[in-house]
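Read-outs throughout are calculated quantities, based only on the coordinates presented, and are distinct from any laboratory measurement. Because the structure is a prediction, the values reported are computed rather than measured. All Cβ positions, even for glycine, are placed from backbone atoms using ideal geometry, and neighbour counts span all protein chains on display.
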């Protein structure tokens, strides 16, 4: 079982690090747009939409990696003041609430993603990119990746039952 969990971790880590590179690409696209717009008075039709799409994809697809690394923002003062037994239960509660929330989000995102793909939804802007279709689809994929990583984290956490003693 741990071999499977380590495989999930490797996939999550690879995807998280790979999409992290999108931010460099976004910076280059934005810089290109600024130079064209303000120095040559020739703005692009595509730069803003592409930058938004890549930002959304990076954010959605990296959430599993952030979860695996336990890098989410949290308020830790009460957590750190709690005894180990209470911390274990707080971590379990957090994992279970996360599973429920991401399960609901993934379920809610499925139909709009399917419809966007079926009708080949476009942005309706002058560039008319397939950004809505891609974003809605990636949201479902990101939810699935996040759910799987969170499930792995929860099972590992449950295996540590009683480790506070």
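Tabulated data
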{"quantity": "Proxy reagent accessibility, fewest Cβ within 10 Å first, across 53, 80", "calculated": "80, 53"}
{"quantity": "Residue with peak Gaussian network fluctuation, the chain [Cα springs, cutoff 10 Å], from 128, 153, 41", "calculated": "41"}
{"quantity": "Cα-based helix-to-principal-axis angle, 47-68 vs the chain, degrees rounded to 10", "calculated": "10 degrees"}
{"quantity": "Separation between Cα centres of region 48-107 and region 114-165, rounded to whole Å", "calculated": "13 Å"}
{"quantity": "Modelled FRET efficiency - R0 22 Å, residue 155 with residue 14, Cβ distances, 0.05 increments", "calculated": "0.60"}
{"quantity": "Using alpha-carbon coordinates, inclination of helix 131-159 to the longest axis of the chain, degrees", "calculated": "10 degrees"}
{"quantity": "Nearest 10 degrees, 0 to 90: helix 84-118 Cα axis against the chain principal axis", "calculated": "30 degrees"}
{"quantity": "All-pairs alpha carbon distance profile, region 2-159, 10 Å steps from 0, percent", "calculated": "10, 29, 30, 19, 9, 3, 0"}
{"quantity": "Burial ordering of 5, 22, 14, fewest other beta-carbon atoms within 10 Å first", "calculated": "14, 5, 22"}
{"quantity": "Packing-based exposure ordering (other Cβ within 10 Å, fewest first) of 133, 45", "calculated": "45, 133"}
